[in-house]
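Everything below concerns the one structure shown next.
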Amino acid sequence: MGYRFNPLPWRFDRVEGGTPAGDVETLTGDTGGAVGPDGAFNINVLGGSGISVAGNPGTNTLTINSEGGITPYFVCAGGGAPYTTIQSALDAADAAGGGIVYVCPGTYTENLTLYGTTQVVGVPGNSDAATVGNTVIIDGVHTPPTTGSFAFKSIYLQSATHIFSSAAAGSAELLLENCLVNCTNGFTFNVANWTGPLVVYNVGEDSTNNGVVNNSGGSTCFFISGTMGAGSGQTMVTSGNVTLQEIDLNCPWDAQTGSALAVDYTLFTQSVTLSNDSSGIFSKCRWNSGATTPITMSSSGNFDIVDCVFDTSADPYLSGAGSGSIILKNATILDNQQIGPSVITPNLRYEIEGTGLTINTGVSDIITYELRDVAAVYQFTVQIAGIASTGNGAGVRLIGTIKTNGASATVVETVDQVMNKDLVVAGASATVIASGNNLIVRATGSLGAIIHWNCSLTFKQITL
């Protein structure tokens, strides 16, 4: 009579037919053949890696326990695992105090109730397409826990509406990592009253209309590396600190009360509205918004827009009537310089940097900036520093006014100038001139000197 040891679930399977015997004669493992008893009629059952075996002679039992390694909360819809649904595994993990639910490839149509002691993990590296055979696809709308933290990792998440959805004022951290999202018409985080952080690492988008976040409760959004949002049917609404780094955002965004923004290396293909008291900085970002106005300024807060590019045919490219200020520093506007008649022009300040080189008494146009093609008057301040190859220096500060009729610019009166320089570069100077519809900062060198110039131009439009 032989028995086979089957570790999942733990049991002895009879492997030979015939009349049942009173004693176990052999145990047969996956390899190595049948094992018989020793001289004391004992067969040792020993644990392997991550497995311990506890014997109880008093009850004639062996208890086989997992000591780490793969989670006991393993899900396979086709069977062969302890759980066939994700919800049953989540319930068991939470009841035991928490754990990781691993899911084998397949499609699971479940509206899950999630717990703050758990996370759901699919097949790492295989969440990038619904058609891949080793992808874990979860189709449903999921209720997040109100406390603790929960994560989906390496999952293809799809829904006709939302992924996470709750009306509660939850404080739990909700995390997506290495996932792909497919919302037909809804939000990844539909949590209007949430206060806890919303975190995204390396997430892709396969949606039709996805506004990503619907939140007015003050949640922090921390989104790093990914493509998020789709379509213009839903608008992302934020109300807390927002960090975006290396994100492609493809839905409209409304940064509302409480939004403090830190946005770097982000591509926007839809409009961004700065509302209420939102404030912050955009650095090295790009707007490819077509004919849609990239930014609407409706906030009382202040914004810096630094080293950003506006690739848009929209006219204006910047609109709104908020009382806050915007500083455009080294902004590149590829199609036009329009900002719209109702924009907060008294509070819109341009900052532009440039460099140049003069040899002997030659000249260098350090900055050339095209003014708006509408009648306007601008006040400017220029700070210029020059250093000669001999180590001698020159410093210039220029203050003045320039006006344009939309086609041709003119410097108003004489530019006020303060200049300090070493005697060796006594002939050096700088000024602001108008040429066509351009404001030009021009430096003139000094005989016998090679001078490297650095310039910072700040100007704003003056309105009634």
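What follows is calculated from the coordinates using simple rules that are stated; it is not laboratory data. Please read these numbers as outputs of a predicted model, since none were measured by experiment. Ideal geometry is used to build each Cβ from the backbone, glycine not excepted, and the neighbour counts take in all protein chains shown.
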- Message: Ranking request for peptides 399-409, 273-283: highest mean number of other beta-carbon atoms within 10 Å first, then the rest in descending order.
- Response: 273-283, 399-409
- Message: Largest first, please: the extent of the C-alpha atoms of the stretch 70-215 along each principal axis, to the nearest Å.
- Response: 41, 35, 22
- Residue-ordered couplings for the stretch 212-225, obtained by feeding phi - 60° into the Karplus form 6.51 cos²θ - 1.76 cosθ + 1.60 and rounding to whole Hz (Gly and Pro as x), are 6, 10, 10, 8, 10, x, x, 4, 7, 10, 10, 10, 10, 6
- Task: Quick one: check the C-alpha center-to-center distance for the stretch 292-326 versus the stretch 357-387, whole angstrom.
- Result: 24
- Would you list, by chain and number, the lysines whose Cα falls below 28 Å from the Cα of LYS284, excluding same-chain residues fewer than 8 positions away? LYS329, LYS460
- Mind checking the alpha-carbon convex hull of the stretch 175-232 and giving the volume per residue in Å³? 64
- Message: Using the crude model of +1 on Lys and Arg Cβ and -1 on Asp and Glu Cβ, and no other charge, please compute the dipole size for the chain relative to its Cα centre, in debye to 20.
- Response: 1140
- Query: Which percent, to the nearest 5, of DSSP beta bridges fully inside the chain are antiparallel?
  - Reply: 40
- Message: Can you list residues from other chains, or at least 5 along the same chain, whose modelled amide H is less than 5 Å from the amide H of LEU180?
- Response: ILE155, TYR156, LEU157, GLY204
- Note on the structure: Normalised Cα Rg of the chain, dividing by 2.2 N^0.38 Å with N its residue count, works out at 1.49
- Item | ARG349 long-range amide H proximity, modeled H, under 5 Å | ILE326, ILE327, LEU328
- Mean separation of Cα contacts under 8 Å (6+ apart) over length of the chain, as relative contact order %: 6
- Tell me, what ³J(HN,Hα) does each residue in the stretch 195-208 have, in order and in whole Hz, if you take phi through Karplus 6.51 cos²θ - 1.76 cosθ + 1.60 with θ = phi - 60° and put x for Gly and Pro? 10, x, x, 10, 10, 9, 10, 6, 10, x, 10, 9, 8, 9
- Can you work out ³J(HN,Hα) from phi for every residue in the stretch 78-85, in order, using Karplus 6.51 cos²θ - 1.76 cosθ + 1.60 and θ = phi - 60°, giving whole Hz and x for Gly and Pro? x, x, x, 9, x, 10, 10, 10
- For THR243, what charge total do you get from the other residues with a beta carbon under 15 Å from its beta carbon, if Lys and Arg give +1 and Asp and Glu give -1? -2
- Which FRET efficiency, nearest 0.05, do ALA385 and ALA291 yield, Cβ-Cβ r, R0 45 Å? 0.65
- Item | the chain, helix-only ellipticity at 222 nm - DSSP H runs n ≥ 4, -39,500 (n - 2.57), divided by all residues, nearest 500 | -500 deg cm²/dmol
- For the stretch 313-464, list log₁₀ I(q)/I(0) at each q in 0.13, 0.15, 0.18 Å⁻¹, using the Debye formula over Cα point scatterers of equal strength and ignoring solvent, two decimals each. -0.61, -0.77, -1.01
- Message: Rounded to two decimal places and with Rh computed the Kirkwood way over Cα pairs, what is Rg over Rh for the stretch 377-458?
- Response: 1.03
